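See below for the structure under consideration.
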Amino acid sequence: MYEPARASLPLPPMPETRRKPLFLRALVLVAVVTSTLAACGGQGLDGGTRRTFFVRGALAPPAHSNQGPCVYSPDPNAAMLLEGRVDLGVTDTYQVTLLAQSTDPAVSTSITGAHIALKNAGQDVLREFDLVTTGFIGAGGVDALTFVTVVDAPSRDLLLESLPNRTTSATFVADVTLRGHDAAGGPELTSPVFSYPFAACNGCLLDFSRGNDDAAPVQPNCLRPLDPSAVVPCFIGQDETVPCQLCVATRRVCDPAATF
């Protein structure tokens, strides 16, 4: 039997009691997302770790004389080292002075340690180690200094194998990750990796130009007393030339007559 098509009737409006809960749920979702972003201070998350600070750079040795100590300042306008130098014939370690800067002015960060991954120029990891260091980044974006040993004694022994004489040098990279905590408590914070290239050598930073005593029976030598006006490096063996008189009594490489 033929039946005429039925007209499509509009659905009745959703009862107010059903529309209201959906609207409230949408408001709650927006509030949760907004609160989460605010809690992160606008920072991205990496494995649950907030990036609230980073390493701005490695400070160059400040201007100094032999009359007083070297004074490093947490000044963002201070001279930075784009590449360091360390003479492993003169020193057993290489300590760099890093300037750490906040990315969240509302958070104070206490720096407690560092992880070092030492690599060759080909980016092969030669050695990794952790160390304790200190520093404090104050709220309001106050920068901080922290001293980090990027070459420890075992690393020195490893790198020296590729530095047979004073004329040989090699480039290495220290990947530094700082660790810390929000001063008000909370989980551990880490900085992004700071890659610091440096040239290592075995005697290349030594200065023999004013050390020779012409009257001594052995030539050449480093027996002339150190000139009182000579500038002593902030850290002997790194980033500045070293008068041979500072180490000739303790380091074989500081004797110009020494053979390798």
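The values are calculated or read from the model by the stated rules, or taken from the named source; none is laboratory data. As the structure is a computational prediction, the values presented were derived from the model and not from experiment. Cβ coordinates were reconstructed from backbone atoms using ideal geometry, including for glycine residues, and neighbour counts include every protein chain displayed.
Here are some notes:
- Matching residues in segment 87-120 - criterion: being more than 27 Å from residue 184 (Cα to Cα), under 16 Å from the mean Cα position of the chain (by Cα) and not polar (S, T, N, Q): 94, 96, 117, 118, 119
- Members of segment 204-235 that are hydroxyl-bearing (Ser, Thr, Tyr) and farther than 20 Å from residue 167 by Cα: 229
- Residues satisfying the stated conditions in segment 49-99, i.e. assigned to a strand (DSSP E or B) and either hydrophobic (A, V, I, L, M, F, W, C) or in contact with a Lys or Arg (Cβ under 7 Å, 6 or more places away or on another chain) (or both): 53, 54, 55, 58, 59, 80, 81, 86, 96, 98, 99
- At least 1 residues being β-branched (Val, Ile, Thr), assigned by TED's automatic domain parsing to the domain that holds residue 101 and under 30 Å from residue 54 (Cβ atoms) is the threshold, and among the strands (runs of 3 or more DSSP E) wholly inside segment 148-260 those reaching it are 169-182, 188-190.
- Members of segment 205-260 found to be touching a Gly at 6+ places or on another chain (Cβ under 8 Å), basic (Lys, Arg) and farther than 18 Å from residue 168 by Cβ, listed by number: 224
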